[in-house]
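Novice: Below are the structure tokens for one structure; questions will follow.
The values are calculated or read from the model by the stated rules, or taken from the named source; none is laboratory data. Since the structure is predicted, the reported quantities are computational estimates derived from the model, not experimental observations. Note: ideal-geometry Cβ built from the backbone for every residue, glycine included; neighbour counts use all protein chains shown. The accessibility values were calculated without ligands, DNA or RNA, using every heavy atom of the protein model including side chains. Shrake-Rupley method; radii C 1.70, N 1.55, O 1.52, S 1.80 Å.
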Amino acid sequence: MVELVHTLLNLTAPTFTFFSLLFFYPPCLFFRFFQSILSTIFSENIAGKVVLITGASSGIGEHLAYEYAIRGACLALVARREDRLRDVVEQAREIGSPDVLMIRADVSKVEDCKRIVDETTDHFGRLDHLVNNAGISGVSMFEEISDITALRGLMDTNFWGSAYTTRFAIPHLKRSRGKIVVLSSSASWLPAPRMSIYNASKAALFMLFETLRVEVGPDINITIVTPGYIESELTQGKFLDKEGKMIFDPDLRDVQISAIPVRTVRSCAKAIVKSALRGQRYLTEPAWFKVTYIWKVACPEIIEWGYRLFFLTRPGAEATEAPSKKILDFTGAKNVLYPSTLQSPQEDKTD
């Protein structure tokens with residue numbers, strides 16, 4: 001009997017869905033348009049409120065701190081590198097934050113995640129925005145990873161770091177009817193080769209916060225950010241290699257990015273803060289990168305074929321022999337499509 005039910009649903013569900021979308025989609029679009037106008041007019045005033053940002057010592061996290069500081073928010077800034085973080089703290093104070101708390105911590109450790117939330121709420125007495133930004137990247141062919149457990153740290157930082165921190169922050173955010181901003185990635189839907197574990201961590205992050213949006217309901221607003229290529233340490237060429245060691249390899253970076261424009265970190269951070277203050281559900285930066293999702297859903301075969309053709313090499317060849325890097329080198333597109341900080345990056349040896 002149950003098989004008969006499934007057979008019936010296989011026949012009727014697609015047709016029912018098609019006509020239901022014809023009925024519901026136009027009102028849904030109108031509602032979104034009306035909501036976007038209201039959110040722009042009544043954007044949240046963050047002055048005096050408390051924002052906790054992980055991974056704040058560089059890249060997007062650093063510039064998110066500056067954007068919140070300009071708007072007068074109190075900040076709790078978290079990172080592992082104390083020297084780099086101290087510089088960000090001082091700069092945030094200078095440009096407008098009334099109070100900045102510096103917390104050295106590693107979000108891959110659950111005890112550290114509990115501590116950063118406790119220290120923030122003990123110091124400020126509240127928490128209004130949690131920005132889950134901390135992340136690292138790994139670049140290697142999956143079958144070349146000698147010890148698969150060596151890349152466990154990537155998932156621990158990218159996924160569990162946000163999960164741990166969010167779990168401890170939720171009670172405080174419910175009291176303030178606050179917001180969560182989570183930095184997922186367009187990698188959550190794009191199957192870029194050599195980035196399988198990183199892609200998986202960002203896809204898991206995306207679905208975790210999609211589910212949390214249902215569970216926490218109207219008490220906490222969640223903005224999921226899916227950046228494309230943004231000026232940062234990741235796009236400078238800082239990766240975990242197949243041994244799980246952090247390396248600096250701008251040539252391999254060129255293979256992975258090729259002639260795709262890289263957005264400046266300052267403009268990305270500004271867009272993220274604006275989106276969060278407006279209570280938007282999703283943000284992709286740069287905005288044009290959303291077309292890659294359409295291609296992935298509509299024509300996944302073309303995406304897969306393109307990656308194989310341009311980003312992979314013949315067996316036994318070095319990754320730098322990939323057409324993606326040859327195109328970049330031949331055209332000189334790096335000088336136009338990459339921010340100046342990425343054109344001749346210097347290795348940062350600080351941990």
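Novice: Top to bottom by accessible area (1.4 Å), largest first, where do HIS123, HIS172 land? Please list the in-between numbers first.
Specialist: Values: HIS123 95, HIS172 40 Å².
Most to least solvent-accessible, the answer reads HIS123, HIS172.
Novice: Right, next: Under 24 Å Cα to Cα from LYS49, which lysines show up? Leave out anything in the same chain fewer than 8 places away.
Specialist: LYS114, LYS174, LYS179, LYS270, LYS274
Novice: Moving on to the next point. In square angstrom, rounded to the nearest 10, how much accessible surface does SER340 have for a 1.4 Å probe?
Specialist: The value for SER340 is about 90 Å².
Novice: Also: How big is the gap, in Å, between the Cα center of the stretch 1-24 and the Cα center of the stretch 235-298?
Specialist: That distance is 38 Å.
Novice: So, one more: Considering the dipole of the chain built from charges on the beta carbon (Lys and Arg +1, Asp and Glu -1) around the Cα centre, which of ALA322, SER185, PHE33 is farthest to its positive end?
Specialist: PHE33
Novice: Kindly work out what percent of the DSSP beta bridges joining two residues of the chain are antiparallel, to the nearest 5. Can you show the working numbers first?
Specialist: On the way: 3 of 29 bridges.
Approximately 10 percent, going by the DSSP bridge assignments.
Novice: Now for a different question. Would you please classify the overall shape of the stretch 228-269 from the alpha carbon gyration tensor, given that a ≥ b ≥ c denote the square roots of the eigenvalues, rounded means a/c under 1.5, and beyond that prolate means a/b larger than b/c while oblate covers the rest? Provide the component values of the computation, followed by the final result.
Specialist: Details: a/c = 3.07, a/b = 1.69, b/c = 1.81.
Oblate shape, in that a/c is at least 1.5 and b/c is the bigger or equal ratio.
Novice: Which whole-number percent is the relative contact order of the chain (Cα, under 8 Å, 6+ apart)? Before the final figure, lay out the partial values.
Specialist: On the way: 599 pairs, mean separation 54.8, N = 351.
It rounds to 16 percent for the chain.
Novice: If you don't mind, there's one more thing I want to ask. For volume of the Cα convex hull per residue in Å³, the listed values are [x] 189; [y] 130; [z] 175; which was obtained by calculation from the structure presented?
Specialist: Computing volume of the Cα convex hull per residue in Å³ and matching it to [x] 189; [y] 130; [z] 175 gives [z].
Novice: For LYS325, go through the aspartates and glutamates and keep the ones whose alpha-carbon is under 12 Å away, minus same-chain ones fewer than eight residues off.
Specialist: By straight Cα distance, LYS325 reaches ASP251, ASP254.
Novice: Something else now. Compute the accessible area per residue over the stretch 223-276, keeping the other protein chains in place, probe 1.4 Å, unit Å².
Specialist: Numbers: 1800 Å² over 54 residues.
Result: 33 Å² per residue.
Novice: Additional query: Under unit Cβ charges (Lys, Arg +1; Asp, Glu -1), what dipole magnitude, rounded to 20 debye, does the chain have relative to its Cα centre? Could the numbers behind the result be given before it?
Specialist: On the way: 40 positive and 40 negative charges, 214 e Å.
Dipole size: approximately 1020 debye.
Novice: Amide H neighbours of ASP99 under 5 Å, at least 5 residues apart or on other chains, H built in the peptide plane: list them.
Specialist: Those lying under 5 Å, H to H, from ASP99 are LEU75.
Novice: Still on this structure: Going by accessible area, probe 1.4 Å, with all protein chains left in place, what is the ranking of PHE31, PHE23, PHE311, largest first?
Specialist: Values: PHE31 120, PHE23 140, PHE311 25 Å².
Largest accessible area first, the list is PHE23, PHE31, PHE311.
Novice: With a 1.4 Å probe and all protein chains left in place, how much of the accessible area of the chain comes from carbon and sulfur atoms, in whole percent? Don't skip to the answer; put the middle values down first.
Specialist: On the way: 10730 of 18040 Å².
That share works out to 59 percent.
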